[in-house]
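Visitor: Below is the structure I would like to discuss, written out as structure tokens.
The values are calculated or read from the model by the stated rules, or taken from the named source; none is laboratory data. Since the structure is predicted, the reported quantities are computational estimates derived from the model, not experimental observations. With ideal geometry, Cβ positions are generated from the backbone for all residues, glycine too; neighbour counts draw on all protein chains shown.
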Amino acid sequence: MNFDQLLSMIPVVQAADNHSASLSLDFAPDLHVLLVVRTGHVTLSGPGLEPIVCAQGFACHPASAPYLIEVPRTKEAEYTLIAYRALPAHTPWELRGPLHTVSEVKIHYMLDELVRTCANIRDMSAEEAAPHRFRMRAMIERVLYIFLYESQIKNTHKSTSNTIDETLSYINEHYMNKLTLSMLAERAGMSEGHYTVLFKQRTGSTMTQYLRRLRIEKAQQMFKQTRLSAKEVALRAGFSDYFHFSRVFKQTLGCSPREYQRRFVENLKK
């Protein structure tokens, strides 16, 4: 779908909700759903759709419904579903498939507003709700614009080198969150195997090795700049299991986290 097609159409929000569990998504023939992953990743599947890992956005089209949205059993994920109709009625709205963005903060802010507004107008009269519905229309148009524009840029102008650099920037900014090879490869728009090869060519290490080293470096910084406990540092550095953190830390630096912290404090006193 391109911008020329969108000029004569208006998306009108019908519902907006946050979710954290797997669900089956079915909807009316004239309804469209925008899926935006907030944290983690989900897997989408459906009639004629091979399972696809989604870590950002996906335009669900009624012709492909129902969809199955699955949250990994051993992972956590949060996502928002925006249901909307395209006016005039029966206008061919062909937006479907994966959507990409580098403006997640902007999009997530507008999603929060959409979800909040949808909840607030439920008990309002039609007259009271009208200005809020108009504002929601402006927000969904903005969200769609960002997704379409930045997906278009990614598909037509981005080199593989820039793609890897973007995911490296994402890792460096979100190292404290749960990051997986599948979600980063999907973010880069390539297979896991291809992404792994390019990542190693760019960094000299696998994604797991790079992330582990980065988290240990961030932990070192926290030990030097704060007085947090070793367990709190582990959590903030992205390790949900302290014992795993302690083992990786010792393998990397040759001493336990608490020993490293103790030595640093002693050196400050000298």
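Visitor: I'd like to check which helices (runs of 4 or more DSSP H) are fully inside segment 115-229 and have at least 1 residues that are loosely packed, with under 13 Cβ neighbours inside 10 Å.
Guide: Of the helices (runs of 4 or more DSSP H) lying wholly inside segment 115-229, those with at least 1 residues that are loosely packed, with under 13 Cβ neighbours inside 10 Å span 126-157, 160-174, 192-203, 207-225.
Visitor: Can you pull out every residue in segment 42-60 that is surrounded by fewer than 17 Cβ atoms within 10 Å (Cβ to Cβ) and outside any strand (DSSP E or B)?
Guide: Across segment 42-60, the qualifying residues are PRO47, GLY48.
Visitor: Please specify each residue of segment 182-220 satisfying the condition of being of a type in the set (Ser, Thr, Tyr) and more than 18 Å from the chain's Cα centre (by Cα). Even if it seems obvious, please write down each step before you answer.
Guide: As a first pass, look at segment 182-220 and keep what is of a type in the set (Ser, Thr, Tyr): 182, 191, 195-196, 203, 205-206, 208, 210.
Passing the criteria: THR196, THR203, SER205, THR206, THR208, TYR210.
Visitor: Find all pairs meeting these conditions: Cβ atoms under 6 angstrom apart; at least six residues apart or on different chains; first residue within segment 9-38 and farther than 15 Å from MET136 by Cα and outside the structural domain of ILE69 (by TED's automatic domain parsing); second residue modelled with pLDDT of 95 or more and surrounded by fewer than 14 Cβ atoms within 10 Å (Cβ to Cβ).
Guide: Note: no pairs meet the criteria.
Visitor: Going through segment 119-166 one residue at a time, which ones are at pLDDT 90 or above and either assigned by TED's automatic domain parsing to the domain that holds GLU192 or among the basic types (Lys, Arg) (or both)?
Guide: Those that are at pLDDT 90 or above and either assigned by TED's automatic domain parsing to the domain that holds GLU192 or among the basic types (Lys, Arg) (or both): ARG122, ARG133, ARG135, ARG137, ARG142.
Visitor: For segment 248-261, which residues satisfy the criterion of being out of contact with any Ser or Thr (no Cβ under 7 Å at 6 or more places or on another chain), farther than 10 Å from ALA230 by Cβ and part of a helix (DSSP H, G or I)?
Guide: VAL248, GLN251, THR252, LEU253
Visitor: For segment 83-109, give me each residue that is surrounded by fewer than 17 Cβ atoms within 10 Å (Cβ to Cβ) and either outside the structural domain of ASP30 (by TED's automatic domain parsing) or of a type in the set (S, T, N, Q) (or both).
Guide: THR91, SER103, listed by residue number.
Visitor: Testing GLY46 on (1) within 17 Å of THR101 (Cα to Cα); (2) without any contact (Cβ under 8 Å) to a residue 24 or more places away in the chain; (3) of a type in the set (Gly, Ala, Ser), one condition comes back false. Which one is that?
Guide: Of the numbered conditions (1) within 17 Å of THR101 (Cα to Cα); (2) without any contact (Cβ under 8 Å) to a residue 24 or more places away in the chain; (3) of a type in the set (Gly, Ala, Ser), the odd one out for GLY46 is (1).
Visitor: Here are THR80, THR74, THR39: which of them is modelled with pLDDT under 95 and either surrounded by 14 or more Cβ atoms within 10 Å (Cβ to Cβ) or within 16 Å of the chain's Cα centre (by Cα) (or both)?
Guide: None of the other options fit; the residue is THR39.
Visitor: Out of ILE164, ILE107, ILE69, ILE121, I need the residue that is within 30 Å of SER240 (Cα to Cα) and touching a His at 6+ places or on another chain (Cβ under 9 Å). Which one? If you could, list the steps in order and put the result at the bottom.
Guide: Working: ILE164 fails: touching a His at 6+ places or on another chain (Cβ under 9 Å); ILE107 fails: touching a His at 6+ places or on another chain (Cβ under 9 Å); ILE121 fails: within 30 Å of SER240 (Cα to Cα).
That would be ILE69, the only listed residue that is within 30 Å of SER240 (Cα to Cα) and touching a His at 6+ places or on another chain (Cβ under 9 Å).
Visitor: Working only within segment 72-81, note down all residues that are closer than 17 Å to ASP26 by Cα and either out of contact with any helix residue (DSSP H, G or I) (no Cβ under 6 Å at 6 or more places or on another chain) or not assigned by TED's automatic domain parsing to the domain that holds LEU49 (or both).
Guide: TYR79, LEU81
Visitor: Would you mention how many residues in segment 1-36 are modelled with pLDDT of 90 or more, of a type in the set (Gly, Ala, Ser) and not in a strand (DSSP E or B)?
Guide: 4
Visitor: Taking LEU214, is it of a type in the set (A, V, I, L, M) and in contact with a Gly (Cβ under 9 Å, 6 or more places away or on another chain)?
Guide: yes
Visitor: Another question about this same structure. For segment 230-244, what are the residues that are surrounded by 13 or more Cβ atoms within 10 Å (Cβ to Cβ) and in a loop (DSSP other than H, G, I, E, B)?
Guide: ALA237, GLY238, PHE239
Visitor: State all residues of segment 214-270 that are of a type in the set (S, T, N, Q) and under 28 Å from SER169 (Cβ atoms); if no residue qualifies, say none.
Guide: To start, the set of residues in segment 214-270 that are of a type in the set (S, T, N, Q) comprises 220-221, 225-226, 229, 240, 246, 251-252, 256, 261, 267.
Those that are of a type in the set (S, T, N, Q) and under 28 Å from SER169 (Cβ atoms): GLN220, GLN221, GLN225, THR226, SER240, GLN251, THR252.
Visitor: Among the candidates VAL233, VAL248, which residue alone is in contact (Cβ under 8 Å) with a residue 24 or more places away in the chain and in contact with a Lys or Arg (Cβ under 7 Å, 6 or more places away or on another chain)?
Guide: Selected residue: VAL248, the only one of VAL233, VAL248 that is in contact (Cβ under 8 Å) with a residue 24 or more places away in the chain and in contact with a Lys or Arg (Cβ under 7 Å, 6 or more places away or on another chain).
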